[in-house]
Structures are given as C-alpha cells and as structure tokens.
Amino acid sequence: MFKPLDPLLHSELRLGIMSLLLSVKEADFSYLKEKTGATAGNLSVQLNKLAEGSYLTIEKSFKGNYPQTTCRITEAGIKAFEDYVNALKSYIDQKGYNRIL
C-alpha cells in the first residue's frame, strides 16, 4: 500500500526550499531565491505556506539599512521531510525498484 505524500511538500519549489534548508539549516531570502530560481513573489508565498505548516521559521530583520529575511528549518520540518522521503520510497518499493535505494 502507498503511503500518502504530504501535500505541503509535494510541490517542486517547496520541496527545493526544504532540501536546501535541510543541508544548511538556515538561509536568507536572497540565497533561496538564487538557488531555486524562483521569483521573489512566488518564493515569498511558498515560504509563508511552509511557515504556516510549522516546517520553517521566518525572521525579518535589518542588516545595515537593508531588510533581511532569514529562514530556518524546524524539527517538524525535518520530520516531515524524512516522512516524505520514506513515503516516496514506498512507491518505489511497490514497483520493485528498491534495489536503487
């Protein structure tokens, strides 16, 4: 039987954001924008969705005279990502492709 995929993570951009944050733990908005290739507006919307799901926190501050937005993955976000990967593995296992993992 297939495990359900988390709809909050089942989006290319949100999954990319989470993957990046998993490797660096925190990143500023500019870094995420550069690495994902997303527009500022779309990235902002997706970050807010992930924050509403408690998968990351968003901190707004100033660096000099410039606004800075820093995102940090939460424990809930790490767990959700791990669960998502395990759910994907269940799909692969159903097809007999578990030898590639």
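Bear in mind these aren't lab numbers, they're just calculated from the coordinates by the rules spelled out. Predicted model only: the values in this text are computed from it and were never measured. All Cβ positions, glycine included, derive from the backbone under ideal geometry; neighbour counts span all protein chains shown.
Quick one: which residue in Leu56, Leu21 is under 15 Å from Val85 (Cβ atoms) and in contact with a strand residue (DSSP E or B) (Cβ under 7 Å, 6 or more places away or on another chain)?
Going through Leu56, Leu21 in turn, the sole match is Leu21.
Scan the range 42-50 and give yes if some residue there is touching a residue at least 40 places away in the same chain (Cβ under 8 Å) and under 14 Å from the mean Cα position of the chain (by Cα), otherwise no. Give the derivation first.
Step one: of the range 42-50, the residues touching a residue at least 40 places away in the same chain (Cβ under 8 Å) are 49-50.
Those still in the list that are under 14 Å from the mean Cα position of the chain (by Cα) too: 49-50.
Yes, because at least one residue in the range 42-50 is touching a residue at least 40 places away in the same chain (Cβ under 8 Å) and under 14 Å from the mean Cα position of the chain (by Cα).
Mind listing whichever residues of the range 1-30 are under 24 Å from Lys60 (Cβ atoms) and more than 12 Å from the chain's Cα centre (by Cα)?
Across the range 1-30, the qualifying residues are Asp28, Phe29, Ser30.
For the range 15-57, name all the residues that are out of contact with any Leu (no Cβ under 6 Å at 6 or more places or on another chain), over 15 Å from Glu75 (Cα atoms) and basic (Lys, Arg).
Correct list: Lys49 only.
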